């Protein structure tokens, strides 16, 4: 499976329609860049998760590790590869 | 097909490094589990471990009766449905006639510690070469939140509306400690899904339990303390706090027994989350 | 000395075959012969639990299966054993479990699951007297359990009932065949007498052919994953599954009915009996014929599917049918359903582990046929046998009023 990062670039690809708005990722994110998009509702009827500040995301993937619905695919931009 | 949020506009780069994606053996569909339910986390960890150990093509898994009755809809391996509690016996039958298969059971606390107590004790006593994943959330979720053998004292459930009273309903069972006494049990450990570090440690336990089977060590069981937000009457985040507090007080974390059977010949590797090193695992 | 045909051995074989068989005869205990027949039929795995009167079957398996490098597990209970069988059978292995009545009760749940999911295996019930813990004497009181219910839900299992050890050995092979051909659990019911008795048996066994199964769980290498389950929460899907099962049962009923007709060509009366009761009936029939009663034996071999059509046809030319069972009367209900009132249907049975004697059966036959010879009730402690049966029946047998056609 070839996975490509989002265009325009963002470190997260979110499977919105699998999100159940549980907010486990919101609590897990060390940079506090995840929040429910309370202005929208997905196909399951929940407010889906949204990356509020892609530039501040460090691609730590804590969100992916805690998500019960595996909605996150995580990339790191090349400038972060050395960290 | 699912929608994606591209985020704000920064230059696209083809040299981006893929940090995490879910393994293919975890099927790309919405689950019926409640928001924030730990089953989703454990399914994902299992999928990662099976992938890292190159096991999906050899796996025959046994599904329980409970919230995870539809586990076979989410994990893309051969599955048989077992009657309530009988998974360890069903797994024994599979293991005995298919020595080359990788056999695992996935059970909740009602399935394993109530109706299935005889089956798990005797599969463990026989040292059956199977890996048992035991998801303990201290409640009967699927049937509407009734008391389980692992429900905490004082906990309100739909069948203990005034809170679990030891005099009438007995005490919670630490079944994994009971099993750990049996010589046939090569590995018994307890972890939790309460936060990211705990999830990492739990994954290492699941991996060790699978490796034990591959190295013919004997019976291996991992108890994953999990949550039931709806049954507990809490939000998902509150339920994880509850898990870190009273639940872990009642069910101590760590490796309960590791008899060191079977050499560890499968190094942790793979494209998904690398297992963090942990002294006990 | 009775011939093979009279004791039910060598069903359908030629004289030459029977002669060859006589030379390879060995005295074997029923339980052990059944076990060896299963082994020779290719049984890959046996799971069991000790219970009287079939412990010898388990013990034979314990020794022989390990000798052959096959799978044997003495489970923690009958519940464990049948569920181990469910797992092993799901992988396509040829699997057998044996038990006796109280243990069979524990297996109802898994049998329902296997019927619903289409998982083939063979379950042998060496019946003993119940209900509850009961006794260890022979019985046929699990007829309802085997043919009408056992587990929950709308399903059937084929039920085969041998009347001799040799027949049990042949039917074991047929049981595996039927189970795999139709993807269903199959029951073979015998009783404590067949299990414990020793009889001369042909050491000729049959190994049914092996087929590849496109449903078996073997690890999803290079193919889509397979799921063996019986749950369908969508009622329309579940109804479809049930309709498929019913279609399967109709096919089985169309092709797999077995029965034996003995001395029925000129018969005016018939005894319907299976298993050990049929053997007693044969002796009674011989004695009745000596006394001028023209009676024959109709012996169902498949209790399900029940040979109702053949029995219905037979009942048109009979003056009466006597059903003999080691029970309070279970198969007699199916006999009455098949006969549909064309002739009187009487019943004679014993319970508690007792076996009707040929003279008891003869007495019931005489009552049915209108001969008024007095047959004293059997000597039993403390009560008359007549109390066991319906009080308005003559002597100690039941006879339906309604006249002949």
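Read the figures in this text as sums done on the coordinates, not as results from a lab. Here the structure is a predicted model, which is why all the values come from computation and not from measurement. No Cβ is skipped: glycine too gets one built from the backbone with ideal geometry, and neighbour counts run over all protein chains shown.
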Normalised by the residues of chain C, what does the relative contact order come to in percent, with Cα pairs under 8 Å and at least six apart?
15 percent
Ranked from highest to lowest mean number of other Cβ atoms within 10 Å per residue, what is the order of the peptides C:288-296, A:10-18, A:46-54, C:269-277?
C:269-277, A:10-18, A:46-54, C:288-296
Structure-based [θ]222 nm, chain B - -39500 (n - 2.57) summed over DSSP H runs of at least 4, per residue, nearest 500:
-7500 deg cm²/dmol
Report the extension gain between residue C:289 and residue C:221 in nm, rounded to one decimal, defined as 0.36 nm multiplied by the number of residues separating them, less their alpha carbon distance.
17.9 nm
Residue C:68 versus residue B:73, label points 7 Å from Cα toward the beta carbon: distance in nm?
4.2 nm
Please give the calculated 222 nm ellipticity per residue for chain C, where each DSSP H segment of at least 4 residues contributes -39500 (n - 2.57) and the sum is spread over every residue; nearest 500 deg cm²/dmol?
-12000 deg cm²/dmol
Once you order the gyration tensor axes a ≥ b ≥ c over the Cα atoms, which shape class does region C:292-375 get: rounded for a/c under 1.5, otherwise prolate or oblate by comparing a/b with b/c?
oblate
Which order do C:84, C:107 fall in if you start with the one that has the fewest other Cβ atoms within 10 Å?
C:107, C:84
Between region B:184-238 and region B:78-125, what is the C-alpha centre distance in whole Å?
17 Å
Multiply the residue separation of residue C:317 and residue C:133 by 0.36 nm, subtract the distance between their alpha-carbon atoms, and state the gained length in nm to one decimal.
62.0 nm
When only C-alpha pairs under 8 Å and at least 6 residues apart count, what is the relative contact order of region A:12-80, in percent?
40 percent
For region C:315-369 and region A:1-48, distance of Cα centres in Å
74 Å
Everything considered on the Cα gyration tensor (a ≥ b ≥ c; rounded for a/c under 1.5, else prolate if a/b is larger than b/c, else oblate), region C:46-117 must be described as oblate
Can you quote the Å³ per residue value for the convex hull of the Cα atoms in region A:1-65, rounded to an integer?
104 Å³
With labels modelled as points extended 7 Å from the Cα through the Cβ direction, what inter-label distance (nm, one decimal) is found for residue C:237 paired with residue A:7?
3.8 nm
Mind running the shape call on region C:323-371? Use the C-alpha gyration tensor, a ≥ b ≥ c as the square roots of the eigenvalues: rounded below 1.5 for a/c, prolate if a/b tops b/c, oblate otherwise.
oblate
Once you keep just the Cα pairs under 8 angstrom separated by 6 or more residues, what percentage relative contact order results for chain B?
18 percent
Rounded to the nearest 0.05, FRET efficiency between residue C:333 and residue B:143 (Cβ-Cβ, R0 25 Å) equals 0.10
Working from Cα positions, state the angle (0 to 90°, nearest 10) between the long axis of helix C:358-369 and the longest principal axis of chain C.
60 degrees
Just to confirm the number: angle between the C-alpha axis of helix C:275-290 and the first principal axis of chain C, 0 to 90 degrees, nearest 10?
30 degrees
What is the Rg over Rh value, at two decimals, for the protein assembly as shown, using alpha-carbon atoms and the Kirkwood definition of Rh?
1.09
Contour minus Cα-Cα span, residue C:154 to residue C:211, at 0.36 nm per residue, comes to 17.7 nm
By counting other Cβ atoms within 10 Å of each Cβ, how are B:244, C:248 ranked from fewest to most?
B:244, C:248
Average projected area of the Cα convex hull of region B:38-258, in nm²?
10.8 nm²
Diffusion coefficient, µm² s⁻¹, Stokes-Einstein with Kirkwood Rh over alpha-carbon pairs of chain C at 20 °C and 1.002 mPa s
98 µm²/s
Tell me, B:153, B:112, C:264 in order of fewest to most beta-carbon neighbours within 10 Å?
B:153, C:264, B:112
Taking the Cβ-Cβ separation of residue C:25 and residue C:246 as r and a Förster radius of 51 Å, what is the calculated FRET efficiency to the nearest 0.05?
0.70
The simple spin-label model distance between residue B:244 and residue B:117, using points 7 Å out along Cα→Cβ, in nm, is 3.4 nm
Output the 0 to 90 degree angle, nearest 10, between the alpha-carbon long axis of helix C:108-117 and the longest principal axis computed from the alpha carbons of chain C.
60 degrees
FRET efficiency for residue C:144 and residue A:17, using Cβ-Cβ distance with R0 set to 41 Å, rounded to 0.05:
0.20
